[in-house]
Amino acid sequence: MQMEKKGLKVLLIDDTVMVLQHLKSILSDVKEVSRTESVTSAEEALLMMEGYQPDVMVLDINMPGMSGIEMLRRLGLRQMMKPVVIMLTNNTFAGYRDECMRLGADYFLDKSRD
């Protein structure tokens with residue numbers, strides 16, 4: 001029987017596959033991360049959340065369909081034990097940052113700088 005190694009489970013949510021690949025590559029070097037899953041939409045992420053229960057979630061704001069902000073809003077209603085949420089965007093409009101933080105995001109990063 002194989003034991004699952006202890007460590008952080010990360011869920012990456014971004015509609016750009018190249019961004020997902022880059023983030024997965026970065027996280028593969030972090031010894032505290034035991035598992036990384038990625039999806040290209042907020043809808044997929046919400047379906048996956050219950051079974052996967054990530055410790056950390058990296059969430060893009062602007063995606064087709066449901067936005068990252070809307071997903072964050074829905075998570076707040078559904079989750080008692082919420083993951084650490086890192087919002088990721090190319091749009092640095094201050095209103096987005098304020099709204100994400102109000103909805104429970106822990107970090108807000110600019111893809112072009114951070």
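In segment 89-111, of all residues being open to solvent by less than 50 Å² (accessible area, probe 1.4 Å) and either farther than 11 Å from I61 by Cβ or not in a loop (DSSP other than H, G, I, E, B) (or both), the one that is modelled with the lowest pLDDT corresponds to D110.
Just to be sure before I move on: is S67 in contact (Cβ under 8 Å) with a residue 12 or more places away in the chain, surrounded by 14 or more Cβ atoms within 10 Å (Cβ to Cβ), in contact with a strand residue (DSSP E or B) (Cβ under 8 Å, 6 or more places away or on another chain) and among the hydroxyl-bearing types (S, T, Y) in the structure I sent? For S67, the condition - in contact (Cβ under 8 Å) with a residue 12 or more places away in the chain, surrounded by 14 or more Cβ atoms within 10 Å (Cβ to Cβ), in contact with a strand residue (DSSP E or B) (Cβ under 8 Å, 6 or more places away or on another chain) and among the hydroxyl-bearing types (S, T, Y) - is not met. Return yes when E50 is surrounded by fewer than 18 Cβ atoms within 10 Å (Cβ to Cβ) and modelled with pLDDT under 95 and no when it is not. The answer is yes for E50.
Return the pairs, sorted by first residue and then second, in which the second residue is open to solvent by 50 Å² or more (accessible area, probe 1.4 Å) and not in a helix (DSSP H, G or I), the first residue lies in segment 92-106 and is of a type in the set (D, E), the beta carbons are less than 9 Å apart, and the residues are 6+ apart or on different chains. Close Cβ pairs satisfying both conditions: D106/V84. When V58, V33 are screened for being more than 20 Å from D15 (Cβ to Cβ) and crowded, with 17+ Cβ neighbours inside 10 Å, only V33 passes.
Scanning segment 36-47 for residues that are of a type outside the set (D, E, K, R) and either in contact with a helix residue (DSSP H, G or I) (Cβ under 6 Å, 6 or more places away or on another chain) or open to solvent by 30 Å² or more (accessible area, probe 1.4 Å) (or both) gives T36, S38, V39, T40, A42, L47. The single condition among (1) in a loop (DSSP other than H, G, I, E, B); (2) modelled with pLDDT under 90 that M66 does not meet is (2).
The values are calculated or read from the model by the stated rules, or taken from the named source; none is laboratory data. Computed from a predicted model, the values in this text were never measured in an experiment. Here the Cβ is made from the backbone with ideal geometry for all residues, glycine too, and neighbour counts use every protein chain on show. Remember, those area values only see protein heavy atoms, side chains included, never the ligands or the DNA or RNA. Shrake-Rupley method; radii C 1.70, N 1.55, O 1.52, S 1.80 Å.
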